[in-house]
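To start, the structure itself, in structure tokens.
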């Protein structure tokens, strides 16, 4: 009832004749609100009924065991206990009905009913996904870090998984500042048991998984004829098998939430060279793996896509350049400048740009997009 009275008094921005300025945004908002109007009205109409039921149950509990003659007895002011009980119920019902009627009578066609929907639904404005959880691997640096902070604007909680505990704490602070609850998981996802631990910790804490972003994994850029079996194994274990295991273990939770999964591939998959054959092969495998998961996801209600970023300036890429440049008798600055020119792009990408794309891929706006490999590389790959 208090919410009803507040709803009646809540004044939106209207003209004196009760209308409000019409814009494209207002028409869109009214169309969205009208689809919920009957739901809101039904909830409001049910309020006095619920009040009646609650008072009826409480009164009957209070008078359990009383004989009928006791209920009929007259109190000091000349009113029987039974009559007093009926009067209380009638008063509460009348107030509830009055609150509902006043909210409808004094509202323009779809104007202040918005306030009712917001009060009763207890939802945040569009742009916030209430009670939703995103799991981000490789969250301690680079694209994973930027994605974690970006998703904090859209999800209630962000689970941060990586091996660097200190870096994860810094990311957690940024996520919290951005508006989401962080959960730090210092784990090595190349180990079989770590993926199960991550899923268990997430479900124990939040009870759900709405989005899984498999970003972790750095594959050594070693020449095809020099790379050892151990380097191949290490490269595939985290980036390919870690993502595969984690997605399988999180699948049931994703089915329940009708969630989204994104796998991180890379442009080397589309233009393999001997100098980074492992990177190309593993990224190509990831794209194929995402396609296979997407096929199952169509049946299970889980959206699965992969992303193919081009050269992005991260801390890892800078470290690589710092080692590569001296070996090729170049300064780091010259190497950084020459690479974009050599591959035919205007500049390196920024982690935040990839993070924005990933946020879109797990948003409601992209829900029909599944089984897709999305490339964002500044024009590096020239083929169709």
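The table that follows gives values for the structure above.
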{"read-out": "324, 232 arranged by Cβ crowding within 10 Å, fewest neighbours leading", "value": "324, 232"}
{"read-out": "Against the rule of thumb 2.2 N^0.38 Å, how large the Cα Rg of segment 171-323 comes out", "value": "1.11"}
{"read-out": "Normalised alpha carbon radius of gyration of segment 121-252 [divisor 2.2 N^0.38 Å]", "value": "1.12"}
{"read-out": "Enclosed volume per residue, in Å³, of the convex hull spanned by Cα atoms of segment 217-287", "value": "70"}
{"read-out": "Chain lengthening between residue 353 and residue 200 when straightened (0.36 nm per residue, less Cα-Cα)", "value": "52.0 nm"}
{"read-out": "Zone of residue 233's modelled label, taken as backbone nitrogen in segment 185-210 under 19 Å from a point 7 Å along Cα→Cβ", "value": "188-195"}
{"read-out": "Peptides ranked, highest mean first, by Cβ atoms within 10 Å: ranges 178-191, 369-382, 234-247, 147-160", "value": "147-160, 234-247, 178-191, 369-382"}
{"read-out": "Separation of the residue 248 and residue 191 label points, Cα + 7 Å toward Cβ, nm", "value": "1.9"}
{"read-out": "Rg/Rg_globular for segment 293-358, with Rg_globular taken as 2.2 N^0.38 Å and Rg from C-alpha atoms", "value": "1.59"}
{"read-out": "Neighbour-count order for 264, 313, 361, fewest beta carbons within 10 angstrom listed first", "value": "313, 361, 264"}
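Every number here is computed from the coordinates shown, using simple stated rules; none is lab data. The structure presented is a predicted model; accordingly, all values stated were derived computationally and were not measured. When we count neighbours, we look across all protein chains shown, and the Cβ atoms used for this are built from the backbone with ideal geometry, even at glycine.
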